[in-house]
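Have a look at the structure below, then the notes.
Each reported figure results from applying straightforward, stated rules to the coordinates on display, with no laboratory input. What you are looking at is a predicted structure, and each value in this text was computed from that prediction instead of being measured. Positions of Cβ are generated from backbone atoms using ideal geometry, with glycine treated the same way; all protein chains shown enter the neighbour counts.
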Amino acid sequence: MRTEKTPKFIAYRPTRLTLAETRRRAEDFFALMDGRRSVRHFRDEPIADEVIDNLVLAASTAPSGAHKQPWTFCVVKDPATKSAIRAAAEEEEKENYNGRMPPEWLEELAPLGTDWRKEFLEVAPCLIVVFKRAYEPMPDGGKRKNYYVEESVGIACGFLLAAARNAGLVTLTHTPSPMNFLAHTLQRPENERPFLLIPIGYPVAGCEVPDLQRKPLEEVLVRY
Ligand code: IYR
């Protein structure tokens, strides 16, 4: 008996690339992503709405547990809302840098040159505040479970960062902590929990980033 739950399958036949093309694309994509850097100094220059829309659509193509797509992307351009987010984030970060983070953590952060000041939260033209949806509220007041929420939303954020890089934009993966103020500021419903705050835009002229090196392949790949 076919029911509403009977899976429906459709043909999926992506173009098979030649080996040479596969090699070239793998190399090119690595080069593109290797050029990605987290940026903390943004230009005060807007991004077109349709660009942001497409980045979010790309993020929302990520695989997710039972295809629940347990994410909400809040796109914040309103200056007053950005200022409120900055003020609340700085309040938390002041506590973090002045006692909440242990000395070892502060030492690890020293090469990044970060401190409690989060000017980028006002200067970046757009903040994408990503929420994970712990569950789905049902019309009858019940809750429908989501699955592998952390993994799913983490992958979606990775897609978003890659899409931004591909579009010539820069991002920062910012995690003010604790970040529950984001749910209040943006008046999100109870089932949504803040996951990541991603300022996005163009780097300021003369922008500098810390001189960091990536681990070589031998340190991150084990062959069996
Ligand atoms: N959330 C703080 C501290 C911080 C923590 C890590 I781990 C970083 O990679 C960078 C910063 C801040 O945003 O300054």
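Table for the structure above
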{"read-out": "Relative contact order for the chain, counting Cα pairs under 8 Å that sit 6 or more residues apart, in percent", "value": "30 percent"}
{"read-out": "Spin-label proximity, residue 98 to the range 173-203 - amide N less than 19 Å from point 7 Å beyond Cα toward beta carbon", "value": "176-179"}
{"read-out": "Cβ-based charge dipole, the chain, positive-most Cα from 9, 105, 210", "value": "9"}
{"read-out": "Selected from 22, 155, 180, residue furthest toward positive end of dipole (the chain; charges at beta carbon)", "value": "22"}
{"read-out": "Quotient of C-alpha Rg and 2.2 N^0.38 Å, computed over the chain", "value": "1.17"}
{"read-out": "Charge dipole (debye, nearest 20) of the range 37-203; +1 at Cβ of Lys and Arg, -1 at Cβ of Asp and Glu", "value": "380 debye"}
{"read-out": "Within the chain, helix-based [θ] at 222 nm, where runs of 4 or more DSSP H residues each add -39,500 (n - 2.57), nearest 500", "value": "-11000 deg cm²/dmol"}
{"read-out": "The range 1-150: Lys pairs at Cα distance under 26 angstrom, eight or more positions apart or on different chains", "value": "21"}
